[in-house]
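J.: Here it is: the structure, laid out below.
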Amino acid sequence: MKPHRIQQRTTRRARSPLRRLAVAACLGLAGIAAFAQGQGGASGGEVHITLARFFGSCDAEYGQVTDPSKASSECGIITALTNRFNAREAGRIRVDTQVVEHSAYYQQLGARIVGGDLPSIAIMHSSVLGDFAKRDLLQPLEDGFAREGVDVADFTPHARHGVSFGGHVVALPYDSHAALWHINLGLMKQAGLVDEKGHARLPASVEELLQQARAFKRATGKPYFVWLTLNDPSFFARSVLGLVAQQGGSLFPRGDRAVDLTTPQVREAVQFMRTVYAEGLSTRNMDYSAALQAFMAGAGGVMPNGTWLLGDLTTRAAKPGNPLSRQYEAVPEPTLFRQPATWADSHVWVMLRNPRQTPQERDAALRFLRFLNDESLAWARTGQLPARQSAVDSAAFKALPMRASLGPVAAHGTGLPTTVARQSRVMGVLGDTVAAIVVSGEPLEATLAKGQQRINRLLERESRFLGASAVEAGVAPTAQAGVSHGLR
Amino acid sequence: MSARVWQNGPWDRALMGAAIVLALLWMLPLAWVFALSLKSNAVLMERTDALLTTPFTLRNYADILANPAVFRWVLNSCVVALAQTALVLFISSLAGYGFARCEFPGRRIAFALALAGLAVPEPAVVIPLHRIFAELGLHNSYAGLILPRLAAPFGVFLMTQFFKAIPRELEEAALMDNASRWKIFWRVILPQTLPAQATLGIFSFLAAWNDYLWPLISATRPEMYTLTLGLAATQTNFAQSEGLGFLMAQAVFAALPVLVLYAFFQRHIVAAVAGGKAA
């Protein structure tokens, strides 16, 4: 027998158990796959609707909870609310939640739209609604709302403005989330910056703020501000947006297709931030997590950050033995210029245009939206501000910690004009530009001009891409000079 | 570590010392991740540098396992990664053998086209691919998760090169024994390619296990999520600050099967990566 044949036979014998194992594994795998693929599916009778959202999944903790007051965090409360609706509508409607990671959410939603695999309801930020509305992807909801008893007139001005496109209401606003000042009252007292009631004494101008910040640093040896200066362009973009709006200015004074970063208002806002940073009145080299840790450890007096931290920080302040114990308050960002204004955005619920959606599914989805609208006070426990004015004005809302003073934020919230395209990217470039000036010390004028050029190139490309469809969809720019999301 | 190494000169000892230091440095982030996973989220909101101080907790792991969907996601990942690996090995081997050993019209062009796939970035094809699978109704299915990843230009290239290096005499001897092409491929040539198969298998499995983009857009029903997708979906919006311990526990949990795999097949993997044959 030839040597290679002997080797071949030997190899074959040696491998036969391995081969049997491989075949068994393949068969097992195929069986498992077939079994697993066959699982799930809808039961008869009920109308099933799908809810695409972020906020995370916490079924382990709240999977059986139907009382939102027994849940905490955004994830917990929306899970409990969905459970409550499913329990109430058992046998008639079932909401199946499809949770996607926050940072990948819009990527997936875009792919689902392209592939025609559409959820019945999806969450969005009002700042991205324009991109979807211009492509005519959203169902107008005003008729459905009227039928279900959702009172559009009860939406707060910020919320209503954010969901109105081309004369239609294209989403249910769920909240307003805005920038606040989170304050360490212990350090403020040490610096003599509290009033007779024990609240922080807030500055009313840039000069006063700088004086207070310098006095704070002298008294405590710590910076006045805890800033998110690292890997968080949105911090700079939101800050500048609010400061420009306070001066009565706009980043888009000539319509929604060209940003102007050369206005005196923008220069003033950026220069102010540069002074704070250059004088060491803010912390340095901190990203979101580091800044939060630093604030909780008492590293600074004021952390400008979102409403979403209210719950966590209030809970922390209620516990003894940490720098915030009974020494914490949150207030709207102070007015440093002519008028109150602060950056704000909203979570909104939309129904995408779906030719395959049945009238029963649409009705069921609208009923769920009505339910969410009714329960907006439960959601307010997350720290976000309700999108219903009646909820903002209610005693129940004002009884929540710090909320009594936060009502005006819902009225003064501002953002980019709703019809500005690619807002997330625009804010990203704006934030990078301001960070380059404030943190890296790049020249102010030249860097702003470069940032402006980058943003306008982006908008020009977008405009070329869907200019025609915007006109077809009947979406006209709603923001005029100086007017954006806010009430102004 | 053999005693012989230490009996060598000072340079060898220095080299070994440097290797140990580098290995420890490389392991430091992993140890940090593991240590963070044993801390409560509340503690980590205050500070993340106190790794070796109590209290430690297994709560983060318990939270992961308390979600019944996790087991389904593990199962999905196993099905997808194993099936994908097996099929990539099979297809790449066949293609590689064809390109290396069979003469047919257009072979060079076909090989160049296959290799051109290496230069196409994934985002460029993901939307057309998504539309095709939507048309076929294959999203939210195992087929939808597995099939798009079977086109593996790197695998074809690797196997072609490996087949080319096998002496033709082996094949010719089998031909003289009247073996068919399939028999020659399956019985004679394929067993010689175990090192390449192991290398390709490892890369394919890891790529399938860690894949995120395609499952993200193809599997929209939670019951069809893979482990990476499912774990990411459970993260809250500010997990990096408010749920850091849970986040790190997820990272450890997702890596566990790969580590177990490595522990079992360590000998083959090292040999494969080193380009040799496992003993």
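J.: Can you work out which of the residues in the range A:114-124 that are in contact (Cβ under 8 Å) with a residue 12 or more places away in the chain and crowded, with 18+ Cβ neighbours inside 10 Å is nearest to the other protein chains (Cβ to nearest Cβ)?
T.: Checked the range A:114-124; the qualifying residue nearest to the other protein chains (Cβ to nearest Cβ) is A:P119.
J.: Please go through the range A:327-336 and pick out each residue that is surrounded by fewer than 19 Cβ atoms within 10 Å (Cβ to Cβ) and within 18 Å of A:V194 (Cβ to Cβ).
T.: Within the range A:327-336, A:Q327, A:V331, A:P334 meet the criteria.
J.: I would also like to ask the following. Name the residue that is farthest from the other protein chains (Cβ to nearest Cβ), counting only residues in the range A:289-326 that are of a type in the set (D, E, K, R) and surrounded by fewer than 17 Cβ atoms within 10 Å (Cβ to Cβ).
T.: My answer is A:R326.
J.: Filter the range A:432-488 down to residues that are among the acidic types (D, E) and either under 21 Å from A:R238 (Cα atoms) or at pLDDT 95 or above (or both), then give me how many there are.
T.: Residues meeting the conditions: 3.
J.: Of all residues in the range A:427-457 being within 25 Å of the chain's Cα centre (by Cα) and among the small types (G, A, S), which is farthest from A:E268 (Cα to Cα)?
T.: A:G428
J.: Residue by residue through the range B:233-253, note down the ones that are closer than 17 Å to B:S37 by Cβ, facing chain A (nearest Cβ under 9 Å) and in contact with a helix residue (DSSP H, G or I) (Cβ under 7 Å, 6 or more places away or on another chain).
T.: Once the filter is applied, which keeps residues that are closer than 17 Å to B:S37 by Cβ, facing chain A (nearest Cβ under 9 Å) and in contact with a helix residue (DSSP H, G or I) (Cβ under 7 Å, 6 or more places away or on another chain), the range B:233-253 yields B:Q235, B:T236, B:A239, B:Q240, B:S241, B:E242, B:G243, B:L244.
J.: Next up: Mind listing whichever residues of the range A:83-113 are among the β-branched types (V, I, T), within 11 Å of another protein chain (Cβ to nearest Cβ) and either touching a Lys or Arg at 6+ places or on another chain (Cβ under 7 Å) or under 12 Å from A:F368 (Cβ atoms) (or both)?
T.: Once the filter is applied, which keeps residues that are among the β-branched types (V, I, T), within 11 Å of another protein chain (Cβ to nearest Cβ) and either touching a Lys or Arg at 6+ places or on another chain (Cβ under 7 Å) or under 12 Å from A:F368 (Cβ atoms) (or both), the range A:83-113 yields A:T97, A:V99.
J.: Please go through the range B:202-224 and give me each residue that is within 12 Å of another protein chain (Cβ to nearest Cβ) and either part of a helix (DSSP H, G or I) or touching a strand residue (DSSP E or B) at 6+ places or on another chain (Cβ under 9 Å) (or both), ordered by number.
T.: Once the filter is applied, which keeps residues that are within 12 Å of another protein chain (Cβ to nearest Cβ) and either part of a helix (DSSP H, G or I) or touching a strand residue (DSSP E or B) at 6+ places or on another chain (Cβ under 9 Å) (or both), the range B:202-224 yields B:L213, B:W214, B:P215, B:L216, B:I217, B:S218, B:T220, B:R221, B:P222, B:E223, B:M224.
J.: Please verify whether B:L24 is touching a Leu at 6+ places or on another chain (Cβ under 6 Å) and either in contact (Cβ under 8 Å) with a residue 40 or more places away in the chain or more than 19 Å from A:Q293 (Cβ to Cβ) (or both), treating the condition exactly as stated.
T.: In short, no.
J.: Could you list, in sequence order, the residues of the range A:49-79 that are free of Cβ contacts under 8 Å to residues at least 60 places away in the same chain, over 24 Å from A:R112 (Cβ atoms) and surrounded by 22 or more Cβ atoms within 10 Å (Cβ to Cβ)?
T.: Within the range A:49-79, A:Y62, A:A71 qualify.
J.: For the range B:208-260, name all the residues that are among the hydroxyl-bearing types (S, T, Y), touching a Phe, Trp or Tyr at 6+ places or on another chain (Cβ under 9 Å) and more than 29 Å from B:R47 (Cα to Cα).
T.: Correct list: B:S218, B:Y225, B:T226.
J.: For the range A:91-113, give me the residue count where each residue is in contact (Cβ under 8 Å) with a residue 24 or more places away in the chain and among the small types (G, A, S).
T.: The qualifying residues number 1.
J.: Related question: How about the range B:152-185: which of its residues are of a type in the set (A, V, I, L, M, F, W, C), under 21 Å from B:R108 (Cα atoms) and within 14 Å of another protein chain (Cβ to nearest Cβ)?
T.: B:I166, B:F185 - these are the residues of the range B:152-185 that are of a type in the set (A, V, I, L, M, F, W, C), under 21 Å from B:R108 (Cα atoms) and within 14 Å of another protein chain (Cβ to nearest Cβ).
J.: Within the range A:352-361, identify whether any single residue is surrounded by fewer than 24 Cβ atoms within 10 Å (Cβ to Cβ), of a type in the set (A, V, I, L, M, F, W, C), part of a loop (DSSP other than H, G, I, E, B) and within 24 Å of the chain's Cα centre (by Cα), and answer yes or no.
T.: No, the range A:352-361 contains no residue that is surrounded by fewer than 24 Cβ atoms within 10 Å (Cβ to Cβ), of a type in the set (A, V, I, L, M, F, W, C), part of a loop (DSSP other than H, G, I, E, B) and within 24 Å of the chain's Cα centre (by Cα).
J.: Here's a check for you: in the range A:45-57, which residue that is more than 7 Å from chain B (Cβ to nearest Cβ) and assigned to a loop (DSSP other than H, G, I, E, B) is nearest to A:Q107 (Cα to Cα)?
T.: The selected residue is A:E46.
J.: Given the conditions (1) over 30 Å from A:Q139 (Cα atoms); (2) without any contact (Cβ under 8 Å) to a residue 24 or more places away in the chain; (3) outside any helix (DSSP H, G or I), report the number of the one that A:P304 does not fulfil.
T.: Every condition holds for A:P304 apart from (2).
J.: Just give me the residues in the range A:277-288 being facing chain B (nearest Cβ under 10 Å) and either buried (at least 20 other Cβ atoms within 10 Å of the Cβ) or charged (D, E, K, R) (or both), in sequence order.
T.: A:D287
J.: Given the range B:140-200, what helices (runs of 4 or more DSSP H) lie entirely inside it while holding 3 or more residues that are surrounded by fewer than 18 Cβ atoms within 10 Å (Cβ to Cβ)?
T.: B:153-165, B:168-176
J.: Within the range B:228-264, how many residues are at pLDDT below 80 and of a type outside the set (A, V, I, L, M, F, W, C)?
T.: So the count comes out to 5.
The values are calculated or read from the model by the stated rules, or taken from the named source; none is laboratory data. No experiment lies behind these values; they were computed from the predicted model shown. Reconstructed Cβ throughout: ideal geometry from the backbone, glycine too, with neighbour counts over all protein chains shown.
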